Amino acid sequence: MDLWKAIRERNSIRVFKPDPVPRKLIEKILGAGLEAPSSANMQPWEFAVVCGEDKDKLSRSLLRAFSEKGRDYDFEGKEIQFPPRLLQRRRVFFGELFQQLEDKGLKPKQFVQERTLSFWGAPVIILVFMDGRMAKRFFFDIGTCVQNIVLAAQAEGLGTHLIGLILKFQNTIKAFLQIPLEKRLVVGICLGYPDLEHPLNRYKPNRDRLDESVVWVRC
Ligand SMILES: Cc1cc2nc3c(=O)[nH]c(=O)nc-3n(C[C@H](O)[C@H](O)[C@H](O)COP(=O)(O)O)c2cc1C
């Protein structure tokens with residue numbers, strides 16, 4: 001698939017088909033992540049790929065932790081003040097998405113939280129970690145890698161949904177995977193074949209114009 005087509009057509013998938021993704025294809029897509037640039041080529045990304053009954057078990061643990069404790073890990077410290085322009089974009093996004101869900105008779109906030117912790121029904125969840133001793137600026141390196149994975153998946157006819165809500169439950173996730181608490185979970189990538197007929201998968205939130213985000217200097 002043409003790169004521009006993949007960039008333009010990608011959106012967050014909210015309904016996946018149950019079809020499993022072949023292991024070889026997952027490896028190929030992760031391989032695109034490994035091609036990403038990173039600071040001094042340190043390649044700080046680490047992955048856990050969970051499928052099948054274990055993925056469902058993990059999801060159940062997350063839903064339980066969510067209903068019992070609300071979170072098990074404080075990943076941002078105190079409440080962050082977002083700039084008003086960004087808050088306005090967030091208001092528009094949730095307004096549009098929640099309206100679609102309400103129209104289907106769903107409780108939007110609860111639905112989004114529970115579906116996120118169920119990996120939006122994807123057959124594969126890729127959990128992306130880095131060493132917790134590394135400064136937060138290395139999150140950016142993970143971002144380059146994750147976007148390669150997302151676009152490679154799109155090019156292969158798969159869909160993705162990035163999820164950050166699970167960061168609140170990273171102790172549950174680390175206990176489940178039996179990985180050291182020092183690791184830092186950065187993001188989850190829900191991966192699978194998208195149900196392109198489903199209206200929820202047609203939602204593609206708008207983007208602001210380029211001149212909202214750029215200062216040109218002598219160009
Ligand atoms: C780092 C990151 C974390 C996200 N976390 C969540 C999440 O926890 N739950 C969710 O439903 N969507 C999550 N999203 C999806 C965003 O809401 C979505 O990417 C954004 O609204 C733009 O929509 P699009 O991906 O369809 O273009 C996340 C996206 C990113 C990049």
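Here are some notes:
- For beta carbons closer than 9 Å, sequence separation of 6+ or different chains, a first residue in the stretch 195-219 that is closer than 29 Å to residue 83 by Cα and among the aromatic types (Phe, Trp, Tyr) and a second that is within 14 Å of the ligand (Cβ to nearest atom) and open to solvent by less than 60 Å² (accessible area, probe 1.4 Å), the qualifying pairs are 203/11; 203/12; 203/14; 203/97; 203/100.
- Looking across the stretch 146-161, the residues that are open to solvent by less than 40 Å² (accessible area, probe 1.4 Å) and within 13 Å of the ligand (Cβ to nearest atom) come down to 146, 149, 150, 151, 153, 154, 159, 160, 161.
- Test for residue 150: is it touching a strand residue (DSSP E or B) at 6+ places or on another chain (Cβ under 6 Å) and over 24 Å from residue 207 (Cα atoms): no
- Of the numbered criteria (1) under 18 Å from residue 48 (Cβ atoms); (2) open to solvent by 40 Å² or more (accessible area, probe 1.4 Å); (3) more than 13 Å from the ligand (Cβ to nearest atom), the one residue 139 fails is (3).
- Qualifying residue in the stretch 24-36 (condition: more than 30 Å from residue 132 (Cβ to Cβ), at pLDDT 95 or above and over 17 Å from the mean Cα position of the chain (by Cα)): yes
- Residue count for the stretch 26-54, restricted to those that are surrounded by fewer than 16 Cβ atoms within 10 Å (Cβ to Cβ) and either touching a His at 6+ places or on another chain (Cβ under 6 Å) or farther than 24 Å from residue 173 by Cα (or both): 7.
- Residue list for the stretch 1-28, filter: within 16 Å of the ligand (Cβ to nearest atom), out of contact with any strand residue (DSSP E or B) (no Cβ under 6 Å at 6 or more places or on another chain) and outside any helix (DSSP H, G or I): 10, 11, 14, 15
- Residue, nearest to the ligand (Cβ to nearest atom), within the stretch 80-115, restricted to residues that are of a type in the set (A, V, I, L, M) and assigned to a helix (DSSP H, G or I): 112
- Restricting 96, 53, 114, 68 to those that are among the acidic types (Asp, Glu) and touching a residue at least 60 places away in the same chain (Cβ under 8 Å) reduces the list to 96.
- Criterion (of a type outside the set (Asp, Glu), within 12 Å of the ligand (Cβ to nearest atom), under 26 Å from residue 47 (Cβ atoms) and out of contact with any helix residue (DSSP H, G or I) (no Cβ under 7 Å at 6 or more places or on another chain)) met by exactly one of 164, 192: 164
- Residue match in the stretch 53-72 (condition: away from the ligand (no atom under 16 Å from the Cβ), in contact with a Ser or Thr (Cβ under 8 Å, 6 or more places away or on another chain), over 15 Å from residue 149 (Cα atoms) and not basic (Lys, Arg)): yes
- Any pair with Cβ under 6 angstrom, 6 or more apart, that starts in the stretch 158-182 at a residue that is assigned to a helix (DSSP H, G or I) and ends at one that is away from the ligand (no atom under 16 Å from the Cβ): 172/61; 174/181; 176/61; 177/48
The values are calculated or read from the model by the stated rules, or taken from the named source; none is laboratory data. All figures in this text were calculated on a predicted structure; none of them were measured in a lab. Every residue, glycine as well, gets a Cβ built from its backbone with ideal geometry; the counts of neighbours run over all protein chains shown. Heavy atoms of the whole protein, side chains included, go into the accessibility calculation; ligands, DNA and RNA do not. Shrake-Rupley method; radii C 1.70, N 1.55, O 1.52, S 1.80 Å.
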